[in-house]
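One structure is given below, encoded as structure tokens.
The values are calculated or read from the model by the stated rules, or taken from the named source; none is laboratory data. Keep in mind the model is a prediction, meaning the values are calculated, not measured. Note that we place each Cβ from the backbone using ideal geometry, even for glycine, and neighbour counts take in every protein chain shown. Surface accessibility is based on the protein's heavy atoms, side chains included, excluding ligands, DNA and RNA. Shrake-Rupley method; radii C 1.70, N 1.55, O 1.52, S 1.80 Å.
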Amino acid sequence: MRRRTLLAAGLGLAASGTTPASATESHNAHNAHNADNGHRGRHVLHVRPGDSVQAAVDAVTGPGWTIVVHPGTYREVVNVPAAAAELTVRGAVRDPRAAVIVHDNANGTKKPDGTTYGTAGSATFTSAAPGLTVRDLTLANDWLRADHPDITGTQAVAACTYGDRTHFDNVRLLAHQDTLFVETTALTSFDRQYFRRCHIEGDVDFVFGRATAVFEECHFHTLQRDVSFTPKGMVFAPSTARANPYGILAVRSRITSGAEDGAYKLARPWVPSYETTAWPSLVVRDSWIGPGIDPLAPYTNMREQYPWQTMRFREYGNSGPGAVITVPENRPQLTAEEAAFHTKRAYLGDWRPRA
């Protein structure tokens, strides 16, 4: 069954089409000042089935707005510009399955002009806004390799986030390869991102990028992949700048799998061709790692010239069958003293995202 069917039929929600911005902006503008009790005195836009989320974003005229997405499936691409600072995009109800934003572009999908989207350009949801908050939503990319055997650029991103102080809470991020791209505004920027109580699933490198990104109480789920080889994929692929002391931190989280035991690696380092000085950093601590992760050799290389052993990959205080240390040199551990420097507070600095 196609993922788009799962999203709509699984919830009994009717899919809504995307209407032209000109048709929806007047509706959204009419609702711009209808602040609910949780946002008194702030500009609020409501998006309902038949409306466009992007049209609501386009109607934002300054910092501090809120877009409330009502239950339904919104098949469109959403791009939040940097000018929409301190924007909140949230579901109208707490269940993140109720409001779904989904599209199906891949890296190799052709645009009308004949060029391709590329990895970042394939994203269903992209934001450059500082201070962005997203909560109680599903963001998905339901492009499938099996439907497009002619396309070799199979990265298909659900969300690409860059901009300092990005906060996702209770968000489902669904795709296959490259689900969540935690990026920064520039090679020299150490933009901070915080994900809390999120469900993130995919197969290859499905959490990747250069940002300082903290995942707290999140659920990472590896998918069954119809290939005969192992590893079937990897959870993390950080590309941290060498000058940044902090990369990706997963804390008090869990990793489960829909594939057979040991079919996945925990991570591999990504050193992009455009930033060969990158020094990928990943810390997974105080988390439960299920049997889907290979406990004997949880890390692998993306390119042989950048071996994972030379990267900043560490673990601390993990449990579960995928966390068992049988070959110590394959599972570098933090000392208790080092662990004190790898916390949410250390990574996020003077930013205290609201719970």
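Does Val80 meet the test of being touching a residue at least 24 places away in the same chain (Cβ under 8 Å), in contact with a helix residue (DSSP H, G or I) (Cβ under 7 Å, 6 or more places away or on another chain) and at negative phi? Spelling it out, Val80 is indeed touching a residue at least 24 places away in the same chain (Cβ under 8 Å), in contact with a helix residue (DSSP H, G or I) (Cβ under 7 Å, 6 or more places away or on another chain) and at negative phi.
Going residue by residue through region 96-107, is there one that turns out to be outside any strand (DSSP E or B), among the small types (Gly, Ala, Ser), crowded, with 24+ Cβ neighbours inside 10 Å and in contact (Cβ under 8 Å) with a residue 12 or more places away in the chain? Working first, answer last.
As a first pass, look at region 96-107 and keep what is outside any strand (DSSP E or B): 96-98, 104-107.
Then keep just the ones that are among the small types (Gly, Ala, Ser); that gives 98, 106.
Pick out the ones that are also crowded, with 24+ Cβ neighbours inside 10 Å and you get 106.
Filter again for in contact (Cβ under 8 Å) with a residue 12 or more places away in the chain, leaving 106.
Yes.
Taking strands (runs of 3 or more DSSP E) as the structural unit, those lying wholly within region 215-303 and holding at least 2 residues that are surrounded by 15 or more Cβ atoms within 10 Å (Cβ to Cβ) and free of Cβ contacts under 8 Å to residues at least 40 places away in the same chain correspond to 219-222, 254-257. Residues in region 192-204: is at least one open to solvent by less than 10 Å² (accessible area, probe 1.4 Å), of a type outside the set (A, V, I, L, M, F, W, C), at pLDDT 95 or above and part of a loop (DSSP other than H, G, I, E, B)? Yes, region 192-204 contains at least one residue that is open to solvent by less than 10 Å² (accessible area, probe 1.4 Å), of a type outside the set (A, V, I, L, M, F, W, C), at pLDDT 95 or above and part of a loop (DSSP other than H, G, I, E, B).
Do we have Asp113 as in contact (Cβ under 8 Å) with a residue 12 or more places away in the chain and open to solvent by 20 Å² or more (accessible area, probe 1.4 Å) here?
Working: in contact (Cβ under 8 Å) with a residue 12 or more places away in the chain: no; open to solvent by 20 Å² or more (accessible area, probe 1.4 Å): yes.
So Asp113 fails the test.
For region 311-341, a tally of residues being surrounded by 12 or more Cβ atoms within 10 Å (Cβ to Cβ) and more than 21 Å from Asp261 (Cβ to Cβ) returns 12.
Given the criteria part of a strand (DSSP E or B), basic (Lys, Arg) and either touching a strand residue (DSSP E or B) at 6+ places or on another chain (Cβ under 7 Å) or at negative phi (or both), does Arg90 qualify? Yes: the conditions hold for Arg90. The single condition among (1) in contact with a Phe, Trp or Tyr (Cβ under 8 Å, 6 or more places away or on another chain); (2) of a type outside the set (A, V, I, L, M, F, W, C); (3) farther than 29 Å from Gly258 by Cβ that Asn301 does not meet is (3).
With respect to the conditions (1) charged (D, E, K, R); (2) out of contact with any Phe, Trp or Tyr (no Cβ under 9 Å at 6 or more places or on another chain); (3) open to solvent by 60 Å² or more (accessible area, probe 1.4 Å), Lys344 lacks only one, and its number is (2). Out of the residues in region 134-146 that are touching a residue at least 60 places away in the same chain (Cβ under 8 Å) and outside any loop (DSSP other than H, G, I, E, B), state the one that is nearest to Asn170 (Cα to Cα). Result: Leu137.
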